[in-house]
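Comments concern the structure below.
The values are calculated or read from the model by the stated rules, or taken from the named source; none is laboratory data. Small disclaimer: the values here were computed from a predicted structure and weren't measured. All Cβ positions, glycine included, derive from the backbone under ideal geometry; neighbour counts span all protein chains shown. These area figures cover heavy atoms from the full protein model, side chains too; ligands, DNA and RNA do not enter into them. Shrake-Rupley method; radii C 1.70, N 1.55, O 1.52, S 1.80 Å.
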Amino acid sequence: MCRVTDLQQAVLAKNDDRADELRGRLAARGTTVVNLLSSPGSGKTALLEAELTLAVERGVPVAALTADLATENDATRLGRSGAPVKQVLTDGLCHLEADMLAAHLDGWLPEATRLLFVENVGNLVCPASYDLGETLRVALASVTEGEDKPLKYPSAFGLAHLVVVTKADLAEAVEFDRDGFLANVRQVNPGVEVVFTSARRGQGLGVLLDRALTAHQHGGPAHRPVMATGPHGHSHSHSHGHTHTHRDTVPEHTH
């Protein structure tokens, strides 16, 4: 068991080193990475398509890389935004790693890209352990998944700089316990901002883009997760030494 644990730690430590290297290279060229984590079917592709469309309309240089085990369906959908999009097929691997991301960006990522959104494989377990060189990590959950998602996947939500709730238009129909969800998020990640969205209704549209642009401007996220404290627990990788003051806010964003 010790040998297995040591091997896992070595793999994660190597990945963290490569992620830091990639983050530095991208920062030098003015690109900020946003890593999106969620379960399959959470609605993150629909939300990301809307955010990319808005970015293109605003003239923000954005690109997106989407990862799946099979099919190029998500890339086709995201491509409708007009932003550069690349599909990565992981051949069964349940997560992206920093080396994989770097290899797929080489020779593809447009030079002027300010924001790169990475739609990770639909999975809240493995992807949570792998830093991709991101500046902003976002955990998403739909109202249809229940209120206990943050407690079932504490690493995914506990290491997030922003939590996004999707399909908010269905909250009443599925009897979503908003207060219960917020309490569960605070339990694993005190102070993190929680945003409620509906890609169908346009609720919260633009908030993700705005937070990404703020992280780009300041070189790091406004929120430092409490869980980000271990030697390879994303303390240096995800906080970048920033300790901005944060508040436990839950904006409605109904514009």
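Net charge within 12 Å of ALA55 by Cβ-Cβ distance, Lys/Arg positive one each and Asp/Glu negative one each, not counting ALA55 itself?
In short, -2.
Quick check: at a probe of 1.4 Å, how many percent of the accessible area of the chain sits on carbon and sulfur atoms?
Using a 1.4 Å probe with all protein chains present, the chain comes out at 51 percent carbon and sulfur.
Would you mind calculating the gained length between GLU72 and ASP17 on full extension (0.36 nm times residue separation, minus the Cα-Cα distance), in nm to one decimal?
Extra length available between GLU72 and ASP17 comes to 16.8 nm.
Considering the options HIS104, CYS94, GLY219, tell which one lies farthest towards the positive end of the dipole of the chain, charges being +1 on Lys and Arg and -1 on Asp and Glu at the Cβ, about the Cα centre.
Highest projection toward the positive end goes to GLY219.
Enumerate the calculated ³J(HN,Hα) couplings along the stretch 77-88 in order (Karplus 6.51 cos²θ - 1.76 cosθ + 1.60, θ = phi - 60°), each rounded to whole Hz, writing x wherever the residue is Gly or Pro.
Result, rounded to whole Hz: 5, 5, x, 5, 6, x, 7, x, 9, 10, 9, 10.
So what's the stretch 117-158 giving for Rg/Rh, alpha carbon basis, Kirkwood Rh from the mean inverse pair distance?
Looking at the stretch 117-158, the ratio lands at 0.95.
For a quick check of your reading of the filter: which GluC sites (Glu not before Pro) in the stretch 153-205 sit in a DSSP loop and have no more than 14 other Cβ atoms within 10 Å?
GLU172, GLU175
Convert each backbone phi in the stretch 16-29 into a coupling constant with the Karplus relation 6.51 cos²θ - 1.76 cosθ + 1.60 (shift: θ = phi - 60°), then list the ³J(HN,Hα) values in order as whole Hz, x for Gly and Pro.
Whole-Hz 3J(HN,Hα) from phi for the stretch 16-29: 4, 5, 5, 5, 4, 5, 5, 4, x, 5, 5, 4, 5, 9.
When the convex hull of the C-alpha atoms of the chain is computed, what volume per residue in Å³ does it have?
Convex hull volume per residue, Cα atoms: 124 Å³.
Per 5 Å bin, what percent of the C-alpha pairs of the stretch 172-213 does each bin hold, from zero upward?
With a bin width of 5 Å, the distribution comes to 6, 18, 20, 23, 22, 10, 1.
Please sort 19-32, 151-164, 132-145, 197-210 by packing, taking for each peptide the average over its residues of neighbouring beta carbons within 10 angstrom, highest first.
132-145, 151-164, 197-210, 19-32
Would you calculate, for the chain, the mean residue ellipticity at 222 nm contributed by helices, counting each DSSP H stretch of 4 or more residues as -39,500 (n - 2.57) and dividing by all residues, to the nearest 500?
Calculated mean residue ellipticity at 222 nm is -11000 deg cm²/dmol.
How fast does the stretch 11-84 diffuse by Stokes-Einstein, in µm²/s, taking the Kirkwood radius from C-alpha pairs at 37 °C and 0.692 mPa s?
Estimated diffusion coefficient is 234 µm²/s.
Mind checking the full-extension length gain between THR144 and ARG178? Use 0.36 nm per residue of separation minus the Cα-Cα distance, one decimal, nm.
11.1 nm
Which value results when the Cα radius of gyration for the stretch 76-145 is divided by 2.2 N^0.38 Å?
Expressed relative to 2.2 N^0.38 Å, the Cα Rg reads 1.19.
Rank-order 59-65, 176-182, 94-100 by packing density, defined as the average count of other C-beta atoms within 10 Å over each peptide's residues, highest first.
Highest mean packing first, the order is 59-65, 94-100, 176-182.
Explain nothing, just the number: dipole magnitude of the chain about its Cα centre with +1 on each Lys and Arg Cβ and -1 on each Asp and Glu Cβ, in debye rounded to the nearest 20.
380 debye
Over the chain, with the other protein chains present, what is the accessible area per residue in square angstrom, probe 1.4 angstrom?
For the chain, the solvent-accessible area averages 44 Å² per residue.
For GLN203, enumerate residues with amide H under 5 Å from its amide H, sequence gap 5+ or separate chain, H modeled in the peptide plane.
The answer is SER198.
Could you tally the net charge around ARG211, taking each other residue with its Cβ under 13 Å from the Cβ of ARG211, Lys/Arg +1 and Asp/Glu -1?
-3
What does the charge count around ASP106 come to, taking other residues whose C-beta lies under 14 Å from its C-beta (Lys +1, Arg +1, Asp -1, Glu -1)?
Summing Lys/Arg as +1 and Asp/Glu as -1 gives +1.
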